[in-house]
Amino acid sequence: MNKNLTPRQIVAELDKYIIGQNDAKRNVAIALRNRWRRMNVKEEIQGEIVPNNILMIGATGVGKTEIARRLAHLAEAPFTKVEASKFTEVGYVGRDVESMIRDLVEQAVDMVKTTKKEEVKERAREIVEGIILDALIPPLKGSPTPHATGMGKDQPEDERELNEKTRDRFREKIRNGEMDERKIEIDVKQNSTPGMGMIGGGMDEASMINIQEMLGSMMPKKTKKRKVTIAEARKILLEDESAKLIDMDEVKEEALQKAQNTGIVFIDEVDKIAGGSRGGQGGPDVSREGVQRDLLPIVEGSAVNTKYGIVHTDHILFIAAGAFHFSKPSDLIPELQGRFPIRVELDNLTKEDFLSILKEPKNALTKQYIALVGAEDVSLSFQDDALERLAEIAFQINEEVENIGARRLHTVMSKLLNEILFEIPDTIGQNARIVIDKALVEEKLAGLVKNKDLSHYIL
């Protein structure tokens, strides 16, 4: 952790985006701080300290994924979210469980590459500036052209000096963005990796990627000429030149360490692979248990082969989550249960929670819509009684139709503002002021609450 936040500070940061669920926040905060603690203990015991994986139990839309995602963002850690229901037992066609570790390593590589590119950005920018300048005003090659004798004081300046002065003037214009719309011709790399389909069975996703990359590296690098604006050329060339300046071996090594020591894997819908109370033999239940058994070595700690090298999963933090409506955590195989020692039950959201979600978080829906409408130079505001009624309606529909948690607010807000968003900017012009009051909420949404059958389809 770059910031070395204390558990209390981590919870305070999570509070800016997630309402309630204090128990879950406390547990993930402890898990995150324990990582920093492990990295600062004596080396002989460091390898023995394993993370306490967490199992979150709660209905959809109460904040399980958001807590894990925000936690990873705080820690600047590689993060991947997978659905357990997408995995199949070894021997079946489908995604194998090791693919989630490969996804995590890809995230880590992207993060490290971004950091490294930021470090070399200034150098890359200078190189790109030179390439653009060469395309506009090519530098003179060889020695300056000798001047004829007898021309006296009327002789023009040396051609090389004149060329340099012109280039300097153009360099300034490029830096100031005065020439962004001018078109130039640049060489752009083409992807030489051939498109391949699977021939026969028995080849997994990682093998296919490795074969394609190997073939791609053997092929000669092709370039093609493209005529683009200077602004676009700057983006294309900056990416290429930054990539040339960074050491990919160093990136791979650092990314593997980052994934192993700070990676977070969020396994959603884990209840879908639990046996459930139906019992019975054969059929999908066997596959469900097979997926659990395949997950077990990954969560326990094993070596997974990726295209960047071998990753040891012993110190990756696994957070599993599920609603567990039709099954119980005890329906998971005992070995897997033992690998998720921390169990957290998340609360269903109340009317008060809905109101807080609409008003308080940094990314509150009301703030998002105010910003969207603001892009059209239109002012949007919500009265308190309107927000209270919105929260009440969302809660009521969740109770009577189906409980989808805070996601209900998205559909309710969309229905409320649909007409307004459509009328901007044709009917509702710039500098207009729109105030959402309780009467408007009643007018737009009351019918949905009364007509429950309609609500089933609309929401």
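The values are calculated or read from the model by the stated rules, or taken from the named source; none is laboratory data. Everything quoted here is computed from the prediction, not taken from an experiment. Note that we place each Cβ from the backbone using ideal geometry, even for glycine, and neighbour counts take in every protein chain shown. Accessible surface is based on the protein model in full, side chains and every heavy atom, while ligands, DNA and RNA are left aside. Shrake-Rupley method; radii C 1.70, N 1.55, O 1.52, S 1.80 Å.
Yes/no per residue for (1) closer than 22 Å to residue 325 by Cβ; (2) not small (Gly, Ala, Ser):
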| position | (1), (2) |
| --- | --- |
| 394 | yes, no |
| 401 | yes, yes |
| 412 | no, yes |
| 415 | no, yes |
| 421 | no, yes |
| 424 | no, yes |
| 432 | no, no |
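Take the conditions (1) open to solvent by 80 Å² or more (accessible area, probe 1.4 Å); (2) farther than 24 Å from residue 398 by Cα; residue 22 misses just one of them, which is (2). Take the conditions (1) out of contact with any helix residue (DSSP H, G or I) (no Cβ under 8 Å at 6 or more places or on another chain); (2) closer than 30 Å to residue 425 by Cβ; (3) open to solvent by less than 60 Å² (accessible area, probe 1.4 Å); (4) not basic (Lys, Arg); residue 370 misses just one of them, which is (3). Here is a check on your reading of the model: is residue 76 open to solvent by 20 Å² or more (accessible area, probe 1.4 Å) and either without any contact (Cβ under 8 Å) to a residue 12 or more places away in the chain or in contact with a Gly (Cβ under 8 Å, 6 or more places away or on another chain) (or both)? Spelling it out, it is not the case that residue 76 is open to solvent by 20 Å² or more (accessible area, probe 1.4 Å) and either without any contact (Cβ under 8 Å) to a residue 12 or more places away in the chain or in contact with a Gly (Cβ under 8 Å, 6 or more places away or on another chain) (or both).
Could we say that residue 234 is modelled with pLDDT of 65 or more, assigned to a helix (DSSP H, G or I), open to solvent by 60 Å² or more (accessible area, probe 1.4 Å) and in contact with a Leu (Cβ under 7 Å, 6 or more places away or on another chain) here? So residue 234 fails the test.
Which of the numbered conditions does residue 37 fail, given that it passes all the others? Conditions: (1) part of a helix (DSSP H, G or I); (2) surrounded by 20 or more Cβ atoms within 10 Å (Cβ to Cβ). All conditions pass for residue 37, except number (2). Exactly one condition in (1) part of a strand (DSSP E or B); (2) under 18 Å from the mean Cα position of the chain (by Cα); (3) more than 16 Å from residue 298 (Cα to Cα) is not met by residue 110; state its number. Condition (1) is where residue 110 drops out. Residue pairs whose Cβ atoms lie under 9 Å apart, sitting 6 or more positions apart in sequence or on different chains, and linking a residue in the range 411-439 that is loosely packed, with under 15 Cβ neighbours inside 10 Å to a partner that is at pLDDT below 90 and not hydroxyl-bearing (Ser, Thr, Tyr), are 418/444; 419/444. The numbered conditions (1) without any contact (Cβ under 8 Å) to a residue 60 or more places away in the chain; (2) open to solvent by 10 Å² or more (accessible area, probe 1.4 Å) are all true for residue 339 except (1). Evaluation of residue 312 against the conditions (1) under 20 Å from residue 343 (Cα atoms); (2) at pLDDT 90 or above shows that the sole unmet condition is (1).
Only one of the numbered conditions (1) over 30 Å from residue 335 (Cβ atoms); (2) open to solvent by less than 10 Å² (accessible area, probe 1.4 Å) is violated by residue 116, and that is (2).
Within the range 16-34, the residues that satisfy the criterion of being part of a helix (DSSP H, G or I) and under 20 Å from the mean Cα position of the chain (by Cα) are 28, 32. Within the range 344-360, is even one residue in a loop (DSSP other than H, G, I, E, B), modelled with pLDDT of 90 or more, of a type in the set (Lys, Arg) and open to solvent by 50 Å² or more (accessible area, probe 1.4 Å)? No, because not a single residue in the range 344-360 is in a loop (DSSP other than H, G, I, E, B), modelled with pLDDT of 90 or more, of a type in the set (Lys, Arg) and open to solvent by 50 Å² or more (accessible area, probe 1.4 Å).
Listed here are the residues, each with its yes/no results for (1) at pLDDT below 90; (2) within 16 Å of residue 350 (Cβ to Cβ).
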| residue | (1), (2) |
| --- | --- |
| 382 | no, no |
| 386 | no, no |
| 390 | no, yes |
| 400 | yes, yes |
| 405 | yes, yes |
| 411 | yes, no |
| 418 | no, no |
| 423 | no, no |
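If you filter the range 377-410 down to residues that are outside any helix (DSSP H, G or I) and within 16 Å of residue 436 (Cβ to Cβ), you find that the one that is most open to solvent (accessible area, probe 1.4 Å) is 383.
Taken together, the criteria place residue 430 among residues that are of a type in the set (S, T, N, Q) and either more than 28 Å from residue 63 (Cα to Cα) or at pLDDT below 90 (or both).
Inside the range 240-266, residues that are assigned to a helix (DSSP H, G or I) and closer than 30 Å to residue 223 by Cα make up a count of 13. Answer yes or no as to whether residue 71 is open to solvent by less than 80 Å² (accessible area, probe 1.4 Å) and outside any loop (DSSP other than H, G, I, E, B). Taking the combined requirement at face value, the residue satisfies it. Scanning the range 175-196 for residues that are outside any strand (DSSP E or B) and modelled with pLDDT of 75 or more, we see that the one that is surrounded by the most Cβ atoms within 10 Å (Cβ to Cβ) is 179.
Pairs linking a residue in the range 291-319 that is aromatic (Phe, Trp, Tyr) to a residue that is in a strand (DSSP E or B), with Cβ atoms under 7 Å and 6 or more positions apart or on different chains, are 318/265; 318/267. The lone criterion from (1) aliphatic (A, V, I, L, M); (2) at pLDDT 90 or above; (3) over 22 Å from residue 327 (Cβ atoms) left unmet by residue 41 is number (2). Considered as a group, the residues in the range 44-64 that are modelled with pLDDT under 90 and assigned to a helix (DSSP H, G or I) include one that is most open to solvent (accessible area, probe 1.4 Å), and that residue is 44.
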